[in-house]
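One structure is given below, encoded as structure tokens.
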């Protein structure tokens with residue numbers, strides 16, 4: 001019985017030590033071609049894009065590299081969590097002395113309506129302990145901190161990445177280039193895009209997400225960081241939806257109230273009715289992101 005107790009105690013201590021090390025030191029583990037550490041390691045940048053998987057799919061890193069001489073990066077996580085963006089921004093500011101010519105934040109009106117949740121656990125792996133606590137506070141504000149969420153957030157998330165790191169990291173590193181997709185993504189075709197179902201009729205403003213947008217603007221102003229918000233084109237069926245238009249107008253009003261600059265999809269000469277340009281309602285094909293990025297660069301200049 002004594003041996004069993006000693007064995008169990010030892011196992012618990014080892015597990016607890018691994019959990020603590022993961023939470024404190026995961027942000028120092030190099031992840032190739034994506035994530036906060038890789039963005040910071042890239043040094044000073046002329047432009048840093050911070051957004052969701054939309055930016056990852058809709059920006060052509062090769063075209064950006066040519067325009068900005070390689071001084072560009074796309075920091076993108078899935079889940080459309082505006083609440084995470086000020087945390088990401090603080091991480092970059094606290095963990096480096098890098099200078100950024102301009103930061104481009106995603107302007108997607110539906111991000112204002114998202115529940116605050118752990119929708120992409122990769123971000124936890126990238127955050128320092130202070131960053132993890134800051135993001136946890138955002139979850140707490142939304143009362144989304146039950147035991148199961150706590151267990152995933154602080155205990156289980158990232159263990160699969162650590163356990164398989166030597167095998168999976170080289171593979172994942174080939175799928176991205178400075179945070180962007182580097183694969184030739186085909187269009188899903190007109191039939192798919194015209195019949196893909198989506199329902200945003202129940203969307204409503206989440207005050208935590210709205211507060212995060214305002215907080216981000218204030219943080220940039222306090223640090224003297226130049227920034228702009230960018231709406232990426234969606235397939236016309238989504239962008240023409242009355243609910244989408246309603247919350248786009250709301251977001252624009254928020255930015256105007258805060259005196260923040262923005263670039264709307266309608267400001268860019270891009271055909272969002274061309275099915276060849278899209279993979280789904282919000283993510284582009286290779287042909288689409290190349291065409292959009294060329295037009296965007298003209299506008300950023």
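Once you have a ≥ b ≥ c as the square roots of the Cα gyration tensor eigenvalues for the range 103-155, tell me rounded if a/c is under 1.5, and otherwise prolate or oblate according to whether a/b is larger than b/c. Oblate is the answer for the range 103-155, as a/c is 1.5 or above yet b/c matches or exceeds a/b. Between residue 119 and residue 257, the simple label model (points 7 Å from Cα in the Cβ direction) yields a spacing of 2.2 nm.
Restricting to Cα atoms and excluding each atom paired with itself, what does the Kirkwood estimate give for the range 70-142 in Å? All intermediate terms of the calculation are to be shown ahead of the outcome.
On the way: mean 1/r = 0.0754 Å⁻¹.
After inverting the pairwise mean of 1/r, the radius is 13.3 Å.
Subtracting the Cα-Cα distance of residue 137 and residue 266 from 0.36 nm times their residue separation leaves 42.9 nm of extension gain.
Calculate, in nm to one decimal, what residue 202 and residue 250 gain on full extension: separation in residues at 0.36 nm each, minus their alpha carbon distance. List each step's numbers first, then the result.
Values: separation 48, 0.36 × 48 = 17.28 nm, distance 1.58 nm.
Full-extension gain reported as 15.7 nm.
Sorted largest first, the principal axis extents computed over the alpha-carbon atoms of the range 1-75 equal 68, 24, 15 Å.
If you take the beta carbon distance between residue 240 and residue 184 as r and set R0 to 22 Å, what does 1/(1 + (r/R0)^6) give as a FRET efficiency, to the nearest 0.05? According to the calculation, E is roughly 0.20.
To the nearest ten degrees, helix 85-95 and the longest principal axis of the Cα atoms of the chain are 60 degrees apart. As a ratio to 2.2 N^0.38 Å, the alpha-carbon radius of gyration computed for the range 209-275 takes the value 1.25. Across the alpha-carbon atoms of the chain, the computed radius of gyration and Dmax are 20.3, 74 angstrom.
Determine, for each peptide in 61-73, 189-201, the mean count of other beta carbons within 10 angstrom over its residues, then list the peptides with the highest first. Before the final figure, lay out the partial values.
Details: 61-73: 17.5, 189-201: 11.6.
Descending mean neighbour count gives 61-73, 189-201.
In degrees between 0 and 90, to the nearest 10, how far off the longest principal axis of the chain does helix 129-141 point, with axes built from Cα atoms? For 129-141 against the chain, the angle is about 70 degrees. A helix-only calculation puts the chain at -15000 deg cm²/dmol for mean residue ellipticity at 222 nm, using -39500 (n - 2.57) for each DSSP H run of at least four residues, averaged over all residues. Helix 286-300 and the longest principal axis of the C-alpha atoms of the chain enclose an angle of approximately 80°.
Students often check this: by mean Cβ neighbours within 10 Å, which of 120-131, 263-274 ranks highest, and how do the rest follow? Show your work: numbers first, answer last.
Numbers: 120-131: 19.6, 263-274: 15.4.
Going by the mean number of other Cβ atoms within 10 Å, highest first, we get 120-131, 263-274.
The separation of the range 28-102 from the range 221-258, counted between C-alpha centres, amounts to 20 Å. The length gained on full extension between residue 130 and residue 298, counted as 0.36 nm times the residue separation minus their Cα-Cα distance, comes to 56.7 nm.
For residue 195 and residue 221, what does the FRET efficiency come to when R0 = 41 Å and r is the distance between their Cβ atoms, rounded to the nearest 0.05?
Once rounded, the FRET efficiency stands at 0.40.
If R0 is 25 Å, the Cβ-Cβ spacing of residue 148 and residue 24 corresponds to a FRET efficiency of close to 0.65. Each label point was placed 7 Å from the Cα along the Cα-to-Cβ direction; for residue 2 and residue 155 their separation is 3.0 nm.
Computed from the coordinates by the stated procedures, all read-outs in this text should not be read as laboratory data. Note that the structure is predicted; figures quoted are calculated from it, not measured. A quick note on method: Cβ atoms are made from the backbone with ideal geometry, for glycine too, and the neighbour counts reach across all protein chains shown.
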